[in-house]
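The values are calculated or read from the model by the stated rules, or taken from the named source; none is laboratory data. Just so we're clear, the structure is a prediction, and the values are computed from it rather than from any experiment. Every residue, glycine among them, receives a Cβ derived from its backbone with ideal geometry; neighbour counts consider all protein chains shown. All accessible areas refer to the heavy atoms of the entire protein, side chains included, with ligands and DNA or RNA removed. Shrake-Rupley method; radii C 1.70, N 1.55, O 1.52, S 1.80 Å.
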Amino acid sequence: MAFELIQKIKNKELQIQEIVQFYLDRIKKTDNLIHSFVHISEEKALSEAKQKDKDLKNGKSIGKLYGLPLAVKDLICIKNSPTTCCSKILEGYYPPYNATVIERLIEKEGAISIGRTNMDEFAMGSSTENSCYGPTYNPWNLEYVPGGSSGGSGSSVASGQVIFSLGSDTGGSIRCPASYCGVVGLKPTYGRVSRYGLVSYANSLDQIGPLSRCVRDCALLLEIMAGFDPLDSTTVNVEVDNYTNELDKSIEGKTLGIPKEFFSEGLETDVKNKVNEGIKKLESLGARTVEVSFPHLEYTIPTYYLIAMSEASSNLERYDGLRYGKMSDNLDGSVFDVFSRTRGERFGPEVRRRIILGTYALSAGYYDMFYIKALKVRTLIKNDFQNAFKQCDVIVSPTMPTTAFKIGDLVDDPLQMYLMDVLTCPVNLAGLPALSIPCGFDSKNLPIGFQIIGNYFEENLILNIGHLLEKELNLYRKLAPVNGGK
Ligand code: GLN
């Protein structure tokens with residue numbers, strides 16, 4: 001855990017170089033099996049570690065993260081480091097600037113970027129199978145997916161390749177891999193964390209967030225990342241709480257809303273049972289429960305996918321081979337060919353599908369019927385949450401309706417894959433914060449995620465509840481075996 005390592009560095013029991021070397025070795029030993037990383041910055045990480053050990057010896061402040069290794073999803077810009085969104089269209093792209101989260105975590109507070117993690121191309125997917133570099137494998141059982149789209153960020157933390165990682169969540173992409181890989185993942189309130197330097201998929205839904213082995217580490221990262229940023233006009237100027245200080249507060253008298261629609265059809269029995277056990281634990285800590293209702297939950301998937309694909313079609317328009325993106329190598333000379341060949345060859349099939357569907361939904365004549373209608377339903381879903389929060393402090397549910405599925409099982413059935421997001425997407429449509437923490441295993445020994453959804457900017461409370469539940473369940477010291485199932 002980060003907070004323990006920080007203590008050891010402070011007490012001079014461990015050097016930063018030893019820590020970084022340990023994790024690099026672990027990556028070398030395991031990544032041929034899991035494939036969490038698409039790029040490893042070995043030399044740079046080691047030289048930074050050396051410098052930090054020196055600075056520390058000379059009494060210089062090296063920041064709150066003390067040189068701890070961090071893995072960064074391949075769609076967050078790091079200056080002069082390849083950032084490809086796991087797409088062939090961004091092959092060879094080295095951003096000339098840092099994302100704000102990188103400025104805060106690395107430049108200011110001293111974390112060390114150890115590599116870029118695998119993901120579904122442009123964050124479109126729930127399994128990390130849509131990556132131009134090939135899939136990531138679930139470290140609990142290599143025949144299964146790690147979830148997506150931040151699959152490499154989830155698997156790297158679960159298997160102990162890094163201490164913590166960054167992901168992005170548009171419809172569940174932090175919480176889904178957190179759930180499938182058995183780690184903690186937080187999607188902050190929309191506007192809590194700057195998106196400057198995050199390559200957009202659907203910008204009214206995207207948020208960057210941390211993945212870690214325990215809630216305390218997530219709280220630490222959020223504390224540093226969060227807050228107003230003049231470079232992102234959608235960040236909100238609301239004071240950042242001291243998340244790590246309030247983790248142990250009593251939750252006596254807090255009310256948990258149980259949305260009955262989140263526990264219906266399609267939910268696996270093991271998932272339901274473990275989540276219910278988690279709720280019982282929270283009751284034993286003094287929380288009360290109340291049933292809340294989400295009459296519009298059934299419209300979540302069409303609403304989310306219409307909005308996400310429409311925004312994606314517009315955001316990805318810039319990759320034409322001329323302004324942005326790597327041009328096709330097989331051009332015949334016409335201008336039209338530059339655009340169509342570049343986009344046809346360099347985007348993968350899922351990205352092409354979404355661009356086409358999104359463009360259709362935005363086209364004249366269909367705009368009102370699809371896109372505008374989806375925006376209206378989005379408001380109804382938001383209202384469902386606001387009505388629920390009149391009766392409760394947080395909402396609890398499973399993160400995903402099932403545990404991880406097998407590699408290859410859903411990749412040719414996009415609709416079935418989309419339906420997996422039914423419990424995570426509503427949170428993004430409403431812009432709320434949500435945490436996923438491990439709450440047990442199913443009969444196949446695959447992890448199950450417990451979701452805690454908070455009201456706007458109440459990350460404090462969901463981290464507090466998550467931390468107390470994590471302590472009760474005491475699962476967080478377990479590392480994924482990496483060779484399980486093979
Ligand atoms: N699975 C969802 C999608 O494919 C969510 C992805 C995400 O959050 N980036 O759109």
statement: Those residues of the range 304-320 which are out of contact with any Ser or Thr (no Cβ under 8 Å at 6 or more places or on another chain), among the aliphatic types (A, V, I, L, M) and within 12 Å of the ligand (Cβ to nearest atom) amount to 306, 309, 312
Per-region count, the range 199-220, residues within 15 Å of the ligand (Cβ to nearest atom) and hydrophobic (A, V, I, L, M, F, W, C): 5
Selected residue (criterion: farthest from residue 433 (Cα to Cα)) from residues of the range 139-157 that are within 16 Å of the ligand (Cβ to nearest atom) and touching a Gly at 6+ places or on another chain (Cβ under 8 Å): 145
Selection within the range 294-330 - in contact (Cβ under 8 Å) with a residue 60 or more places away in the chain, part of a loop (DSSP other than H, G, I, E, B) and surrounded by fewer than 16 Cβ atoms within 10 Å (Cβ to Cβ): 295
query: Across the range 158-179, what is the number of residues that are within 12 Å of the chain's Cα centre (by Cα) and more than 9 Å from the ligand (Cβ to nearest atom)?
result: 6
message: I'd like to know if the range 446-455 contains one or more residues that are open to solvent by 10 Å² or more (accessible area, probe 1.4 Å) and not in a loop (DSSP other than H, G, I, E, B).
response: no
query: Any residue in the range 473-483 that is more than 15 Å from the ligand (Cβ to nearest atom), within 14 Å of residue 175 (Cα to Cα) and touching a helix residue (DSSP H, G or I) at 6+ places or on another chain (Cβ under 9 Å)?
result: no
- request: Read through the list (1) part of a helix (DSSP H, G or I); (2) farther than 23 Å from residue 223 by Cα; (3) under 16 Å from the mean Cα position of the chain (by Cα), then give the number of the only condition that residue 400 fails.
  value: (1)
field: Every residue from the range 406-429 that is hydrophobic (A, V, I, L, M, F, W, C) and either away from the ligand (no atom under 14 Å from the Cβ) or open to solvent by 20 Å² or more (accessible area, probe 1.4 Å) (or both)
entry: 407, 410, 411, 415, 419, 420, 422
message: Here's a check for you: in the range 218-273, which residue that is among the hydrophobic types (A, V, I, L, M, F, W, C) and in a loop (DSSP other than H, G, I, E, B) is nearest to residue 2 (Cα to Cα)?
response: 247
- request: Tell me, yes or no, whether the range 430-443 has at least one residue that is surrounded by 22 or more Cβ atoms within 10 Å (Cβ to Cβ), farther than 25 Å from residue 195 by Cβ and of a type outside the set (Asp, Glu).
  value: yes
- request: For the range 66-107, name all the residues that are open to solvent by 10 Å² or more (accessible area, probe 1.4 Å), farther than 26 Å from residue 12 by Cα and of a type in the set (Lys, Arg).
  value: 79, 88
message: For the structure I just gave you, tell me whether residue 65 is at pLDDT 95 or above, part of a strand (DSSP E or B) and away from the ligand (no atom under 16 Å from the Cβ).
response: no
- request: Quick one: residue 465 ticks every box in (1) open to solvent by less than 30 Å² (accessible area, probe 1.4 Å); (2) farther than 13 Å from residue 185 by Cβ; (3) within 15 Å of the ligand (Cβ to nearest atom) except a single one, so which number is it?
  value: (3)
